[in-house]
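For reference, the structure discussed in these notes is given below.
The values are calculated or read from the model by the stated rules, or taken from the named source; none is laboratory data. Here the structure is a predicted model, which is why all the values come from computation and not from measurement. To get the accessible areas, we keep the full protein, side chains included, count just its heavy atoms, and leave off ligands, DNA and RNA. Shrake-Rupley method; radii C 1.70, N 1.55, O 1.52, S 1.80 Å.
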Amino acid sequence: MNASAPSAASLRAALAALLDGLPPNRAAQAVERLIANYRGTTPTDAPVLRDRSDVAAYAAYRMPATFEAVRGALYALRDAAPDWAPGTHTDVGGGTGAASWAVAEAWEEEPPRTTVLDWAEPALALGRELAAGIVDAEWRRERIGSALSLADTDLVTVSYVLKELTEADRTALVTEAARAAQAVVIVEPGTPDGYERIIAARTLLIDAGFTVAAPCPHSGACPIVPGTDWCHFSARVSRSSLHRQVKGGSLPYEDEKYAYVAAVRFPATPTTGRVVRRPQIRKGQVLLELCAPEGLGRETVTKRHGPLYKQARDAEWGDSWPPEDEG
């Protein structure tokens, strides 16, 4: 593959080349089977990615969404700590390496040296092939669980992995990531149970001496009453022909819902507030649901607010608020 910058477009191109020659029906059948159990209760020492066609189909289906979700978390971290850049990165449970592509894109000026750890050798092999000439990475087979020992590193990412682990293994993994890294970014599905796993990991990181850089504007307790709601965000993902074949429908995109925490051991400046729901644009006003240090609240921005009104109309779910230039 020709060397190029890591991006959503270059990832889609690499995946399209990967699927070239694989019968569409076979790819769709593999995705339907894998979606049912790969990110479910299958233990990590029994990978269900059986061969290259399994891995290729699953990568084409899930890598773009994982890339966009992790990318959203990383850019929130960059906003909170703009002067920091990782020199080394460990992608725990990284599979075919979507998070590693996102890290390389986030710090494209000087990408870190990445180590991808996963149990599924077919996934590692395909990830290595996809990333050749684009992502500087070592791909290593490791069981992801309580026995995992990580080398010291600047950044650890753990994306869409915690659900696969027992509670004890989740605790051990997050604790080990906190010991080894200066920054830890954990991403889970944007579901109530995904949020619960993120909150549990967030607590472990804070207890280990970390500060929450994003998405929260503070490192205190989450203001959401357990069981009443959950914090999550959305990333828009271009849908491939395989996505459309498996899911049906004709829209050229889908929205990936995800929950995350980015925590650090170095100085960071969290946002003053975070837009935690899709802004509601009404005639002459914008309603923003916000999380701030004092808790959850709503701000109504009208035309009388002048330039701030236009910025509110342009605000997106997950953005910082108020805009930096407004103080």
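Annotation: per residue accessible area for region 86-221 equals 35 Å², rounded to a whole number [probe 1.4 Å, protein chains only].
The separation of region 47-125 from region 272-327, counted between C-alpha centres, amounts to 31 Å.
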